[in-house]
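Structure first, commentary second.
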Amino acid sequence: MTTFTIVHEFAATPEKVWELFLDKSFNEQFYEEDLKYPERIVTEQKESGDSVTRRVVFLSGQELPGPLAKLIGSGFRETEEGVFKPKDGTGAWNRIPSTLADKWTEQATIRIESAGDAGCRMTTEFTVEMKVFGVGGLLESTWENRLREEWDDLAVALRKKLG
């Protein structure tokens, strides 16, 4: 099991970052154009009170190392189920893989809070565990690298859009 934290700062209020982070068109553009995901389908997104519940199915376009690609198979998808509470500045989600779901855990929490004059800090904590004999560690490190790259790309896209 690996846990890690990614921190990004923005020259915008937490409210503006949350608004963009949850914006459907921003996410469509980010995943399709920036990350080159061949498929991202929002199967559910609803707002109720102070929370947003979202379910998204992802088909990543990233190449995996040979043994991992063979283990996971073609057409690998992940389903993200999350609840976000922008007024509280928090959110959490799980991603459920289409393959090895009983051996694979990917969870995250996010906090977006004020930091300095008109700025904010986004802190995302991940837990990745892959209980696959012989390749679990390789899977975990591959996924950690993938997530770090994607979240750095997200920070760039958010900053660009925020101006």
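The values are calculated or read from the model by the stated rules, or taken from the named source; none is laboratory data. Just so it is clear, the model here is predicted, and its values are computed rather than measured. No Cβ is skipped: glycine too gets one built from the backbone with ideal geometry, and neighbour counts run over all protein chains shown. What goes into the accessible areas is simple: the full protein's heavy atoms, side chains included, and nothing from ligands, DNA or RNA. Shrake-Rupley method; radii C 1.70, N 1.55, O 1.52, S 1.80 Å.
Could you go through segment 50-65 and let me know if any residue there is more than 16 Å from Ala155 (Cβ to Cβ), open to solvent by 80 Å² or more (accessible area, probe 1.4 Å), modelled with pLDDT under 95 and in a strand (DSSP E or B). Looking through segment 50-65, none of the residues is more than 16 Å from Ala155 (Cβ to Cβ), open to solvent by 80 Å² or more (accessible area, probe 1.4 Å), modelled with pLDDT under 95 and in a strand (DSSP E or B).
So that you can scan it fast, the table gives a plain yes or no per residue for (1) open to solvent by less than 20 Å² (accessible area, probe 1.4 Å); (2) touching a residue at least 24 places away in the same chain (Cβ under 8 Å):
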site	(1), (2)
Glu113	no, yes
Asp117	no, no
Arg121	no, yes
Glu125	no, yes
Phe133	no, no
Leu139	yes, yes
Trp143	yes, yes
Glu150	yes, yes
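Condition check: open to solvent by 40 Å² or more (accessible area, probe 1.4 Å), at pLDDT 95 or above and within 20 Å of Glu39 (Cβ to Cβ). Does Arg77 satisfy that? No; evaluated as a whole, the condition is false for this residue.
Is there a residue in segment 140-150 that is more than 29 Å from Glu47 (Cβ to Cβ) and of a type in the set (Gly, Ala, Ser)? Show your work before the answer.
Quick first cut of segment 140-150, residues more than 29 Å from Glu47 (Cβ to Cβ) only: 140-146, 148-149.
Narrowing further to those that are of a type in the set (Gly, Ala, Ser): 141.
Yes: one or more hits.
(1) buried (at least 18 other Cβ atoms within 10 Å of the Cβ); (2) on the phi > 0 side of the Ramachandran plot; (3) in contact with a Leu (Cβ under 9 Å, 6 or more places away or on another chain): which one isn't true of Leu100, the others all being true? Among (1) buried (at least 18 other Cβ atoms within 10 Å of the Cβ); (2) on the phi > 0 side of the Ramachandran plot; (3) in contact with a Leu (Cβ under 9 Å, 6 or more places away or on another chain), Leu100 violates only (1).
Considering only segment 1-42, state which residues are within 22 Å of Arg148 (Cβ to Cβ) and part of a strand (DSSP E or B). Residues satisfying the conditions are Thr2, Thr3, Phe4, Thr5, Ile6, Val7, His8, Glu9, Phe10, Arg40. The residues of segment 18-40 that are surrounded by 12 or more Cβ atoms within 10 Å (Cβ to Cβ) and over 24 Å from Arg121 (Cα atoms), listed by number, are Glu32, Tyr37, Glu39, Arg40. Listed by first and then second residue, the pairs with beta-carbon distance under 8 Å, at least 6 apart or on different chains, first residue in segment 66-83 and of a type in the set (Gly, Ala, Ser), second surrounded by 13 or more Cβ atoms within 10 Å (Cβ to Cβ) and not in a strand (DSSP E or B), are Gly73/Thr99; Gly75/Ser98.
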